[in-house]
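Structure record follows, encoded as structure tokens.
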Amino acid sequence: MRVKRNENYGTGRRKCAIARVWVEKGEGLITVNGRDFAEYFGRDVLEILVKSPLVHLEMAEQINVRAKVKGGGLCGQAGAVRLGIARALLELDENLRPALRHNGFLTRDARVKERKKYGLKKARRGFQFVKR
């Protein structure tokens, strides 16, 4: 049986990626799927994206983040973790809502890949047409 810790939960989604995120007071550690987030994502741009809610609130050194992510690619997973962190922080302190909302951290990015249609090569691209 798991011991309940003093942590707050948030779910984030982006494209096909789903992130379950827990935040608690700590020293600024961020782990994704049991690994350090810098090692997991590997690209500086994605690290900045994941840390952005914490950096804007100046809480990067005070909050520990633990995330489980599945589905999608690395960029979608990073976006999902970012939304999950923002929602978990909101559960931690409701007074953070205006700052998070103003910077766009609470908005779910609804863009997903468009499905392929029959008779076409991709979602919108048709086959090459030759008149003769």
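Structure notes:
- Karplus (6.51, -1.76, 1.60) ³J(HN,Hα), θ = phi - 60°, over the stretch 85-99, in Hz, Gly and Pro reported as x: 4, 4, 5, 5, 5, 5, 5, 5, 8, 5, 5, 7, 3, x, 5
- Within the stretch 75-123, trypsin sites (Lys or Arg not before Pro) in DSSP loop having at most 14 other beta-carbon neighbours inside 10 Å: ARG108, ARG111, LYS113, ARG115, LYS116, LYS117, LYS121, LYS122
- Distance in nm between pseudo-label sites at ASP36 and ALA110 (7 Å out along the Cβ direction from Cα): 4.0
- With contacts taken as Cα pairs under 8 Å and at least 6 residues apart, the chain reaches a relative contact order of 32 percent.
- Sites LYS68 and ARG132, calculated FRET efficiency, Cβ-Cβ separation with R0 41 Å, nearest 0.05: 0.10
- Per residue, the convex hull spanned by the Cα atoms of the chain amounts to 149 cubic angstrom.
- In a reduced charge model with +1 at each Lys and Arg Cβ and -1 at each Asp and Glu Cβ, the stretch 8-102 shows a dipole moment near 600 debye about its Cα centre.
- Antiparallel bridges, percent of DSSP beta bridges restricted to the chain (to nearest 5): 85
- The residue list THR11, LEU89, ILE63 was ranked by how far each Cα lies along the charge dipole of the stretch 8-102 toward its positive end, using unit charges on Cβ atoms, and THR11 comes out on top.
- Given LYS68/LYS113; LYS51/LYS117; LYS68/LYS116; LYS51/LYS113; LYS15/LYS121, the pairs whose alpha carbons are separated by over 32 Å: LYS51/LYS117
- Computed from backbone phi with θ = phi - 60° and the Karplus coefficients 6.51, -1.76 and 1.60, the 3J(HN,Hα) list for the stretch 50-61 is 5, 7, 4, x, 5, 5, 5, 8, 6, 10, 4, 9 Hz; x is used for glycine and proline.
Read-outs throughout are calculated quantities, based only on the coordinates presented, and are distinct from any laboratory measurement. Only a predicted model underlies this, so the values are computations on that prediction, with no experimental measurement involved. For neighbour counting, all protein chains shown are included, and Cβ atoms are generated from backbone atoms with ideal geometry for every residue, glycine included.
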